[in-house]
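Presented below is the structure to which this report refers.
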């Protein structure tokens, strides 16, 4: 496969293949920047609601990238990176955070929309089929797979083959997105598992491919789509070590349009000041993971960008039915949807996205961990919703 360097960091040269389309994201200022970018492009891959677009180039040896970068109305040019799901090893937490069904079913969260930006959702799963709304796929616009210097497979998500042709393109075949969806809003049907907000509506935004990775431009497109649909919460149990300007732009666009953003801090611990992106961005709630005894999970990334923690060790949840109906997994991926769904309950109770974020952090439980480890503390749905 030619052009394997296309996932390199901003400013890094990629292989100069002339027979393969390479995605390049351009942040611009004003119409002249837009015209310049589209004029040099082979075609447009993603056009965002904010001032950026992803275009494809055919010949990187021709100096097109340099011509893009040096234009006065171009804010940045970046090649796609890969972000990955942040689950690893093997996650429990609804009871610990006080989100038991006898409490949460008193809140009418049916009008709250929680978007799971991940590997898709298996809408045929018995614990999810009554709650799954719409879906969309943004994966591999230019055929990106798990190749290239910065690519990495799904962590603990179980790699499966291509999508079943009888299923929609947002159908989950790896299991990761289905697991996250179950934690957020598994239905309260006396079978299997129950989620934090069991009456909320789930939406699948597939930004991770069957090999468990996704490009930053696809992730940004997914966030942009969530905003365009007017959905309330976006959960991102994925991330990467390096920042992405287009993902940051998309996150800022979401916040400005009252969308609550929640993301996993990463599974690269033990470490310090190592929170992954997009969780590291200030407009995103960065969620670390705790264990069954309220200790900080050793795998969980920590640093000043950690906003809150939630259960992330040995969490049992739904899984893609083609693989297994349920699995027990651990990771900050599993911690994040506890917080995202709790935010959804607050939104259903009349909070705005900004005030819900403030409420979640202000009511977190002090479990004796440092700010770098736990941010404001352990998620408490009990405190946030005023449950007695």
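The values are calculated or read from the model by the stated rules, or taken from the named source; none is laboratory data. All values reported here derive from a predicted model rather than from experimental measurement. Note that each Cβ is placed from the backbone with ideal geometry, even for glycine, and that neighbours are counted across all protein chains shown.
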Exercise. Taking segment 322-351 only, how many residues are in contact with a strand residue (DSSP E or B) (Cβ under 9 Å, 6 or more places away or on another chain), over 25 Å from residue 239 (Cα atoms) and modelled with pLDDT under 95?
Worked result: 1
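Residue-wise test of (1) closer than 16 Å to residue 115 by Cβ; (2) buried (at least 24 other Cβ atoms within 10 Å of the Cβ).
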{"site": "325", "(1), (2)": "no, no"}
{"site": "329", "(1), (2)": "no, yes"}
{"site": "336", "(1), (2)": "yes, yes"}
{"site": "351", "(1), (2)": "no, no"}
{"site": "362", "(1), (2)": "no, no"}
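For every residue, the table says whether it meets (1) more than 30 Å from residue 352 (Cβ to Cβ); (2) modelled with pLDDT of 85 or more.
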residue	(1), (2)
121	no, yes
126	yes, yes
129	yes, yes
135	no, yes
140	yes, no
144	yes, no
169	yes, yes
174	yes, yes
190	yes, no
Problem set entry | Every residue from segment 271-306 that is over 11 Å from residue 373 (Cβ atoms) and not in a loop (DSSP other than H, G, I, E, B) | 277, 285, 286, 287
For this session: Could you check, for segment 220-231, whether at least one of its residues is more than 14 Å from residue 170 (Cα to Cα) and within 9 Å of the chain's Cα centre (by Cα)?
Result: yes
For this session: Please indicate, with yes or no, whether at least one residue in segment 365-375 is closer than 27 Å to residue 172 by Cβ, touching a strand residue (DSSP E or B) at 6+ places or on another chain (Cβ under 7 Å), at pLDDT 95 or above and crowded, with 24+ Cβ neighbours inside 10 Å.
Result: no
Exercise. Taking the stated definitions as given, is residue 151 touching a strand residue (DSSP E or B) at 6+ places or on another chain (Cβ under 8 Å), within 20 Å of residue 243 (Cβ to Cβ), modelled with pLDDT under 95 and in a loop (DSSP other than H, G, I, E, B)?
Worked result: yes
Exercise. Going by the conditions given, is residue 48 farther than 29 Å from residue 265 by Cα, buried (at least 18 other Cβ atoms within 10 Å of the Cβ) and modelled with pLDDT of 95 or more?
Worked result: no
Exercise. List, please: which pairs have Cβ atoms under 6 Å, are six or more places apart or on different chains, and start with a residue in segment 242-269 that is surrounded by fewer than 19 Cβ atoms within 10 Å (Cβ to Cβ) and end with one that is assigned to a helix (DSSP H, G or I)?
Worked result: 257/227; 258/353
